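The next block holds one structure in the form of structure tokens; read it before the comments.
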Amino acid sequence: MRSLMKFALTSMLSMVPGTLAFAHPHVFVDANIEVVRNDKGEFTELRHVWRFDELFSATIILDFDKDGDDQLSETELKEVTDTIHQSISEFDFFTAIRVAGKPVDFYEPDALKAYFKDGQMIMLLEVEPSEPQDMKNEPVRISISDTSFYVAFDYDVESISVAGNNKGCKASVVHPNFDELYADNSETLTEAFFDDPTNTEDLGDEYYSWATIDCT
Amino acid sequence: MNKSVWFFLGTVLFFWAELGSDVLAQSSLGIGRNEQQIPTGGLFAGFFDWVRIQQTEFHQSIREILISMRKHGAHFWALVGICFLYGVFHAIGPGHGKVVISSYMLANEVAVRRGVMVSMAASFMQGLTAVLAISFFVLALRGSGIKTGDLAYGLEVASYIGVMFVGLWLLRRKLVLKSGDAHHQHHHDHEHQGHGATCDHCGHSHMPEPETLSGKFGLKEAWTAVVAVGLRPCTGALIVLVFCFANGLYLAGIASTFAMSLGTGLAVSGLAILAVTAKNFAVRISGAQDRLGLLNRIIEICGALFIFLIGLILFVAAISNA
């Protein structure tokens, strides 16, 4: 089914020179990134705090409020976090970590936690790299992004903190410059798309916002 | 002459580029439906990206206005205005509704005015579907375990099936009935000689009407396309409606949804006019050499085939991602 679809889609789209998958986001999340270092100054954990926008939060309440009291109980919230957990596991939990340009593997996070505050859902998620990462010689780069562009994550320098030993750590965030990307890369983008039209992860790091935590 | 050919080719290219296709229909969060678009690059990449950025910003503004409305109750017209603009931008980005409507124009219509009417009707139908779906959900489905996304998914699939049928039905008319014209003429001659006027309804049921031959269809047929497209509510409208209804802003929710419809309808009308004009233009300039109307038929058959294929692709994508 899928391959039939892909075939049909690719054949039709091959009429269009250069195609790229972009939808505009419908969910907006303010993200906070906390990097945890151990005694040796290694990067051992990443703590996400995601605050969902009021509109999407209202949809969550309507969808999951079984008893109709306009609030989500513990069990109702658990259904929300289970649904999201299962779904975002297919998107690497919207998390990408790089050290020295190489992707860092991480364990599947434990159950997510969520609560509502002022009509907004706040979700907590902890990501643990499969091995502690040295931060003395190389900065850690982190991106929170939805490659399907359904969710837009917003974060800036103020959203980043270092827990534990944070001496000499500096944070910065670089956002993508789409004008430049389109001008430079239309060829590469076309190729990447036709290799697999449903896969937008190959777009490359420069299409997403990246936070750099530099403690060197 | 040269210029008109380029104009036509440019228009065709634009509609290819406009093809928005729905993969990844299920949203990444597992809650709500993504408006899966596969846009579009090449000549129009920069343009579509600009549209996308505008849409995101409008979405943010709508959010801010709604949140302050919840607190202070003001800003009604600001909301309606922003939603109108959101609708316009939503329509000129890639997506299935306008592609189907424009192809329908290529396959079917010669009159610009009808093109505008069909486009507006389809957009308002989309708004109406969104309002009815969320009202029905709040009144009847709340707490049932069914999600708003499930309801939206059901409507989406129904819409894609509808689009497929519109395409098939148009193809049948263009291919089967048109090639039957000669036969009917012939048959008709015999009727006069042999049976006289006694045979009232034999053959008449599939006898093409004069306006069918000239490419005009009845209101009923246009409605089929309107309903097929309009069954699928836009995700943006659903999100706004849910928030408004949850906060008792009923009028604001409904008004902003129809403001989006108006914006979308106007923008799609523009595309429909472009499609009809380009087709008529191409047919006219080829008129001298093309007495059989071959070009017209080719454009119409391609349009019909295209509608069917869009419906098929979207349908397969939707069910394989369910």
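The values are calculated or read from the model by the stated rules, or taken from the named source; none is laboratory data. All of these numbers come straight from a predicted model, not from anything done at the bench. No Cβ is skipped: glycine too gets one built from the backbone with ideal geometry, and neighbour counts run over all protein chains shown.
Conditions (1) of a type in the set (A, V, I, L, M); (2) within 11 Å of chain A (Cβ to nearest Cβ); (3) closer than 30 Å to A:Val80 by Cα, marked per residue:
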{"position": "B:Arg63", "(1), (2), (3)": "no, yes, yes"}
{"position": "B:Arg70", "(1), (2), (3)": "no, yes, yes"}
{"position": "B:Val80", "(1), (2), (3)": "yes, no, no"}
{"position": "B:Leu85", "(1), (2), (3)": "yes, no, no"}
{"position": "B:Ala111", "(1), (2), (3)": "yes, no, no"}
{"position": "B:Met125", "(1), (2), (3)": "yes, no, no"}
{"position": "B:Leu139", "(1), (2), (3)": "yes, no, yes"}
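The selection criterion, being surrounded by fewer than 20 Cβ atoms within 10 Å (Cβ to Cβ), in a helix (DSSP H, G or I) and either acidic (Asp, Glu) or at positive phi (or both), holds for B:Glu221.
Would you call B:Lys98 within 12 Å of another protein chain (Cβ to nearest Cβ) and modelled with pLDDT of 65 or more? The answer is no for B:Lys98. Filtered by the rule that a residue be of a type in the set (D, E, K, R) and at pLDDT 85 or above, the range B:280-315 gives a lone residue, B:Glu300. Within the range A:92-101, the set of residues being part of a helix (DSSP H, G or I) and crowded, with 18+ Cβ neighbours inside 10 Å comprises A:Phe93, A:Phe94. Selection over the range A:117-155 of residues that are under 16 Å from the mean Cα position of the chain (by Cα) and either in a strand (DSSP E or B) or more than 14 Å from every other protein chain (Cβ to nearest Cβ) (or both) gives a count of 18. Of the numbered conditions (1) surrounded by 18 or more Cβ atoms within 10 Å (Cβ to Cβ); (2) within 14 Å of another protein chain (Cβ to nearest Cβ), A:Pro109 fails exactly one; give the number of that condition. Only one criterion in (1) surrounded by 18 or more Cβ atoms within 10 Å (Cβ to Cβ); (2) within 14 Å of another protein chain (Cβ to nearest Cβ) is unmet by A:Pro109, namely (2).
For every residue, the table says whether it meets (1) within 14 Å of chain A (Cβ to nearest Cβ); (2) surrounded by fewer than 22 Cβ atoms within 10 Å (Cβ to Cβ).
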| position | (1), (2) |
| --- | --- |
| B:Gly253 | yes, no |
| B:Ser261 | no, no |
| B:Ala278 | no, no |
| B:Arg284 | no, yes |
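Within the range A:47-76, can you find the residues that are more than 9 Å from chain B (Cβ to nearest Cβ), at pLDDT below 95 and buried (at least 20 other Cβ atoms within 10 Å of the Cβ)? Hit for the range A:47-76 is A:Leu72, nothing else.
Candidates B:Leu295, B:Leu309: the one that is within 14 Å of chain A (Cβ to nearest Cβ) and part of a helix (DSSP H, G or I) is B:Leu309. Here is a check on your reading of the model: is B:Ser269 assigned to a helix (DSSP H, G or I), away from chain A (no Cβ under 14 Å) and among the small types (Gly, Ala, Ser)? Criteria met by B:Ser269. Yes or no: the range B:101-109 includes at least one residue that is polar (S, T, N, Q), away from chain A (no Cβ under 14 Å) and assigned to a helix (DSSP H, G or I). The answer is yes, given that some residue of the range B:101-109 is polar (S, T, N, Q), away from chain A (no Cβ under 14 Å) and assigned to a helix (DSSP H, G or I).
For the range B:22-45, the condition holds for no residue, the condition being that it is more than 7 Å from every other protein chain (Cβ to nearest Cβ), assigned to a helix (DSSP H, G or I), surrounded by fewer than 18 Cβ atoms within 10 Å (Cβ to Cβ) and at pLDDT 55 or above. Looking only at the range B:155-184, residues that are at pLDDT 90 or above and small (Gly, Ala, Ser) come to 4 in all.
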